[in-house]
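Below is one structure, written out as structure tokens; comments come after it.
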Amino acid sequence: MTGARPEGSDLLRRAVALNLRLYQGLVDVSLEYLRGLARLFGPAASAAAGSAPEAGVLLLEGEAGAVARSAFLVTNDRDAELPVRLVATPFSDPAGREVRPTLTFDPSEELTLAPRRQQLVTAVVEIGTDLTPGLGYRGAITVDGMEGLTVPVVLRRRYAAAARPEAEGARAAPPAGSRSKERRRGKRQQPQTH
């Protein structure tokens, strides 16, 4: 074979990029499998398939107006300092509708990683009312300065506690502390028949 052999850091970067592509492929295959099950078993399977993100995906979730946080590690495997910049992509729902929430990062969106060190970064976002409750919006955080490194993210607005859809046939529990006068006196209410 002819040609120069890549440096150690270049080999490592390429190996990390290949690993990320491998895991993304596994995630895609798993998602396609779950979609197939959803088509096979109908809406109940579809709701279950969309409820939990796959492993390795950063989840930012909360009710409208809440601040969601989730952390991830950025690692410098080089022998020199590495300046990086974190950038969030737009997010899309399964139908392709795009939203652009403002993500911030703690400690900062621009970091200088010391040689052979890791930095814990927290992604922070306010959950907007423009998100459909219960629906996952997919996007990513790219790490400029580390070619090929992206962190997949799912952004999801939870149903408000009072607005959560009830299971068919289930009765909503009365609010805490709202016992009727008959119950407080020890009398049991009789069920009404129609």
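The values are calculated or read from the model by the stated rules, or taken from the named source; none is laboratory data. Since we're looking at a predicted model, the values are computed, not measured. Every residue, glycine as well, gets a Cβ built from its backbone with ideal geometry; the counts of neighbours run over all protein chains shown.
Rundown of residues vs (1) crowded, with 16+ Cβ neighbours inside 10 Å; (2) closer than 15 Å to P152 by Cα; (3) under 17 Å from the mean Cα position of the chain (by Cα), yes/no style:
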| residue | (1), (2), (3) |
| --- | --- |
| L58 | yes, yes, yes |
| A66 | no, no, yes |
| S70 | yes, yes, yes |
| L73 | no, yes, yes |
| N76 | yes, no, no |
| A80 | no, no, no |
| V84 | yes, no, no |
Identify, by number, the condition in (1) surrounded by 11 or more Cβ atoms within 10 Å (Cβ to Cβ); (2) at pLDDT 65 or above; (3) touching a strand residue (DSSP E or B) at 6+ places or on another chain (Cβ under 9 Å); (4) not in a helix (DSSP H, G or I) that V27 doesn't meet. (4)
Specify the residue that is nearest to T132 (Cα to Cα); the eligible residues are those in region 80-103 that are touching a residue at least 40 places away in the same chain (Cβ under 8 Å) and among the charged types (D, E, K, R). D93
What's the number of the condition R85 fails, among (1) assigned to a strand (DSSP E or B); (2) under 30 Å from S9 (Cα atoms); (3) in contact with a Leu (Cβ under 7 Å, 6 or more places away or on another chain)? (3)
When region 123-147 is checked residue by residue, the ones that are β-branched (V, I, T), in a strand (DSSP E or B) and closer than 14 Å to G62 by Cβ are V124, V125
I need the full set of residues from region 103-122 which are in a loop (DSSP other than H, G, I, E, B) and closer than 18 Å to A71 by Cβ, in order please. L103, P107, S108, E109, R117
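Can you find even one residue in region 92-102 that is closer than 25 Å to A17 by Cβ and surrounded by 12 or more Cβ atoms within 10 Å (Cβ to Cβ)?
Yes, that holds for at least one residue.
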I need the full set of residues from region 40-82 which are assigned to a loop (DSSP other than H, G, I, E, B), among the acidic types (D, E), modelled with pLDDT of 90 or more and touching a Leu at 6+ places or on another chain (Cβ under 8 Å), in order please. D77, E81
Checked region 112-157 for anything touching an Asp or Glu at 6+ places or on another chain (Cβ under 6 Å), surrounded by 18 or more Cβ atoms within 10 Å (Cβ to Cβ) and without any contact (Cβ under 8 Å) to a residue 60 or more places away in the chain; matches are Y137
